[in-house]
Amino acid sequence: MSKTISINAGSSSLKWQLYQMPEETVLAKGLIERIGLKDSISTVKFDGRSEKQVLDIQDHTQAVKILLDDLIRFDIIKSYDEITGVGHRVVAGGEYFKDSALVDDEVLRKVEELSLLAPLHNPANAAGIRAFREICPNITSVVVFDTSFHTTMPEKAYRYPLPTKYYTENKVRKYGAHGTSHQYVAGEAAKLLGKPLEELKLITCHVGNGVSVTAVDKGISVDTSMGFTPLGGVMMGTRTGDLDPAIIPYLMEHTEDFNKPEDISRILNRESGLLGVSGSSSDMRDIHTAMHNGDEKAKLAYDIFIDRLQKYIGQYLAVLNGADAIIFTAGIGENAVNVRSSIINGISWFGCKVDPEKNVFGAIGDISTDDSRVKVLVIPTDEELVIARDVERFKNQ
Ligand code: ADP
């Protein structure tokens with residue numbers, strides 16, 4: 001019996017979940033926001049309670065101390081020693097990390113070096129790792145990468161048709177993201193379908209603020225929609241997804257906005273997607289409300305969102321040469337009934353049909369008709385659990 005904590009550190013935030021392992025019971029979870037700013041907020045949820053405190057938290061080390069002290073204060077643990085493992089989510093593992101890894105100096109150095117591929121995320125992930133190493137130096141510490149699951153993609157899928165030197169010298173290739181989520185829901189889908197993963201062709205759709213679609217063949221990722229960075233692929237809450245690359249130099253030449261790389265990156269990553277097209281919100285719930293109130297821009301944003309997802313599913317039906325199931329997960333995939341039906345109703349020729357009686361709010365599992373050749377499943381994702389399980393795996397090695 002031991003307690004393991006999953007950590008997802010952002011540049012100014014730290015999301016955590018504490019498990020009793022191997023039972024996989026969630027003991028508490030929380031979020032620290034506004035790290036490094038005034039009035040940071042720490043929220044702890046446990047036993048149906050939600051406790052919030054506002055205080056100034058300078059950095060990730062202080063954030064980790066505060067979260068551990070909160071666990072003691074709320075009597076969730078008696079001392080730091082009860083936590084025997086920590087798993088850190090890391091966004092970019094490059095070509096180096098094909099699996100999760102035990103943290104040592106070399107691994108930490110690599111995570112920092114890979115900041116080149118995820119400048120917003122890896123430095124924050126590394127700060128979380130350092131903080132735990134300082135405060136709990138003797139626990140099993142594991143890094144779990146968003147990209148590892150996709151390192152099985154064949155070269156024809158991960159290479160871009162650019163001159164080779166940009167791959168060999170600059171490491172420009174497809175890495176994908178959301179790997180833990182795609183891997184988890186693929187495994188759960190096999191259980192639901194009652195077949196070994198090795199016999200299944202699956203299309204997993206992680207549809208949240210970030211959106212990605214993966215083709216999973218026999219449990220292995222063979223292609224995924226996100227690319228060199230999580231900006232590629234389908235349209236998202238604030239990200240463009242795929243664009244004709246010629247648009248960038250064109251806008252650089254003809255507008256003031258596209259002058260500096262950081263401005264271009266901001267527009268494509270934070271001001272586009274549902275937000276950019278609707279002009280009002282990146283949140284699917286707001287888009288629904290606006291659409292129902294007759295907002296045409298919101299309707300167009302919705303239509304493009306559905307269209308891009310349908311096209312990627314179509315691509316992966318081709319890549320896999322058929323599929324046993326299409327899986328929806330994450331905030332929109334798990335909750336937005338109409339998004340699921342809009343997507344599937346438009347591609348029913350492929351043999352997938354949603355049953356309106358099963359496709360209801362709160363549905364989990366099979367939402368397709370009995371005669372649907374391709375099953376349509378809703379499976380809540382659980383990236384924190386994948387991380388906690390990986391820590392257990394390394395503890396037992
Ligand atoms: P993140 O990628 O930040 O983890 P989530 O997976 O939480 O995001 O997904 C957030 C998205 O899920 C938002 O667009 C939100 O509107 C959407 N969402 C959450 N609940 C619902 C709902 N009931 N109906 C439609 N969309 C929802």
Out of (1) charged (D, E, K, R); (2) modelled with pLDDT of 95 or more; (3) closer than 29 Å to E112 by Cα, the one D81 does not meet is (2)
Out of (1) within 16 Å of the ligand (Cβ to nearest atom); (2) within 24 Å of V360 (Cα to Cα), the one A323 does not meet is (1)
Residues of the stretch 26-85 being assigned to a loop (DSSP other than H, G, I, E, B), surrounded by 15 or more Cβ atoms within 10 Å (Cβ to Cβ) and basic (K, R), in sequence order, are R34
Just one listed residue, out of D263, D295, is acidic (D, E) and over 28 Å from N170 (Cα atoms), and it is D295
Considering every residue within the stretch 338-357, establish whether at least one is in a helix (DSSP H, G or I), over 15 Å from A325 (Cβ atoms), small (G, A, S) and within 16 Å of the ligand (Cβ to nearest atom). yes
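Can you pull out every residue in the stretch 5-44 that is within 21 Å of R389 (Cα to Cα) and basic (K, R)?
If the condition is that a residue be within 21 Å of R389 (Cα to Cα) and basic (K, R), then K15, K29 are the ones that fit.
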**Prompt:** Taking the condition under 23 Å from the mean Cα position of the chain (by Cα), part of a loop (DSSP other than H, G, I, E, B) and not polar (S, T, N, Q), does A118 pass?
**Reply:** yes
Checked against (1) surrounded by 16 or more Cβ atoms within 10 Å (Cβ to Cβ); (2) of a type in the set (S, T, Y); (3) at pLDDT below 95, Y302 satisfies every condition except (3)
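One line per residue, one yes/no per condition, for (1) closer than 25 Å to R393 by Cβ; (2) at pLDDT 95 or above; (3) touching a helix residue (DSSP H, G or I) at 6+ places or on another chain (Cβ under 8 Å); (4) within 16 Å of the ligand (Cβ to nearest atom):
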{"residue": "M153", "(1), (2), (3), (4)": "yes, yes, no, no"}
{"residue": "T164", "(1), (2), (3), (4)": "no, yes, no, no"}
{"residue": "L202", "(1), (2), (3), (4)": "yes, yes, yes, no"}
{"residue": "G219", "(1), (2), (3), (4)": "yes, yes, yes, no"}
Hey, any hits in the stretch 366-376 for a residue that's outside any helix (DSSP H, G or I), within 14 Å of the ligand (Cβ to nearest atom), touching a residue at least 24 places away in the same chain (Cβ under 8 Å) and touching a helix residue (DSSP H, G or I) at 6+ places or on another chain (Cβ under 8 Å)?
no
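The values are calculated or read from the model by the stated rules, or taken from the named source; none is laboratory data. What you see is a predicted model, and the numbers here were worked out from it, not measured in a lab. Positions of Cβ are generated from backbone atoms using ideal geometry, with glycine treated the same way; all protein chains shown enter the neighbour counts.
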